[in-house]
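Take a look at the structure set out below.
Derivation of every value follows stated rules applied to the coordinates shown; laboratory data play no part. A quick note: this is a predicted structure, and the numbers were derived from the prediction, not measured. For neighbour counting, all protein chains shown are included, and Cβ atoms are generated from backbone atoms with ideal geometry for every residue, glycine included.
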Amino acid sequence: MMKSRRVVAVTVVSLLAAGLAELAHLPAGALLGSMLVSIVASLTLSVHAPVSRRGMLVSQSVLGGALCASFSPEAWSALADNWAVSLAAVVGVVAVAQGVALVCARLGHLDPRTATLGLMPGGASAMVALSDELGADARLVTLFQYMRLCIVILVAVAVGRWAGDTPDEVLARAADLPGPPSPLLAWLTTAGVCAVGSFLGLRLNLPAGSFLGPVLLGIPLTALGVPVGALPPGVLLLALWALGVRVGSQFDASAIHELKRVAHVAVVASVAMVAGCLLLAWGWSAASGVDLITTYFATSPGGADSVLAIALGTRATLSVVLAVQVGRVLLIFLVAPSFLRRLSPSRES
């Protein structure tokens, strides 16, 4: 009886923490808030909010469907107008991330899959969702992702303030586009993509099929102008909450010891990624004449939404920034899962 009350209390507190983190506009705030509460509850009370495997599959499919919103009509237009330079920059950023991850795995005695997912700039919540299915340690992936996000955002804010606040152009917002669909139609479309995509992904044995299925089904539809990615208020928050609770429940004393062991590795790897992408931006700017502010924000290793929000207040050419950031997410989701399965499963000592 006492344990059931503790479970209810932890569930309520984790939901409140998820909501507060979202209100604070933290990247993937609901995941982070619920994960922190779940960690504390697991370590001190040995309980956590119950999330079934079916609930996890639904949460992953919701997240996959929601990510399709990144591929809005203006994003596809920017990608088409700047496809050549976007492809080169995207490959460069992914190469930097993979290079740092492999060095980090070797020097830090980490599983290469865990290091790669932890440093891959494809969205923190998405990489955490992929980690279980691809045999990576979700706890370490979460640590590396949020360490990278913190450093990237801090550096991007500093660069944005140094660059000034007179943007050359303004991106159209989805709400400003002509003929927007009704919310109900957009919600039903996204629900259909999540359900069908998840079913096909699991049936075809795709890596993380319940997540990748909706992504791979929804992306082509957005190119055709179909509204995919809109969700009723609170649905995405609940999906991120479930992912956060799942990760947090895996923490115990040995996990905390492991995190302490690799925390400095996560910091050094994150700084190395930012430095590598800065060199890439400098080389791109020097070779093409594109201003360094634009190339920096375009090659900044995530999160795409945070970087774009900061770049909006600068003189960066936003169409180029958007094209490279969206192109990178597209490439990672199409290529990374199959590549990661080919990596050796472990190099731990």
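Values as computed for the structure displayed
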read-out: Residues 76, 83, 162, sorted so that the one with the fewest Cβ neighbours within 10 Å comes first; value: 162, 83, 76
read-out: HN-Hα J in Hz across segment 115-121 - Karplus 6.51, -1.76, 1.60, θ = phi - 60°, x for Gly and Pro; value: 4, 5, 5, x, 9, 5, x
read-out: Hz values of 3J(HN,Hα) by residue in segment 133-138 - Karplus curve (6.51, -1.76, 1.60), Gly and Pro given as x; value: 5, 9, x, 9, 7, 4
read-out: Debye equation applied to the C-alpha atoms of segment 1-87, log10 I(q)/I(0) at 0.11, 0.13, 0.21, 0.22 Å⁻¹; value: -0.48, -0.60, -1.04, -1.09
read-out: Cα-derived Rg to Rh of segment 1-154, Kirkwood definition; value: 1.03
read-out: Residue-by-residue Karplus 3J(HN,Hα) for segment 261-276, coefficients 6.51, -1.76, 1.60, Hz, glycine and proline x; value: 5, 10, 4, 5, 5, 4, 5, 4, 5, 5, 5, 4, 5, 4, 5, x
read-out: Taking 53, 106 and counting other C-beta atoms within 10 Å, the order from fewest to most; value: 53, 106
read-out: Relative contact order of segment 1-64, pairs being alpha-carbon contacts under 8 Å that are 6 or more residues apart, as %; value: 34 percent
read-out: Order of 151, 39 under a 10 Å beta carbon neighbour criterion, fewest first; value: 151, 39
read-out: Amide H contacts under 5 Å for residue 316, placed H, 5+ residues apart; value: 168
read-out: Length added when fully stretched, residue 3-residue 254, from 0.36 nm per residue minus Cα-Cα; value: 88.0 nm
read-out: Added length on full extension, which subtracts the Cα-Cα distance from 0.36 nm per residue, residue 335 to residue 267; value: 21.9 nm
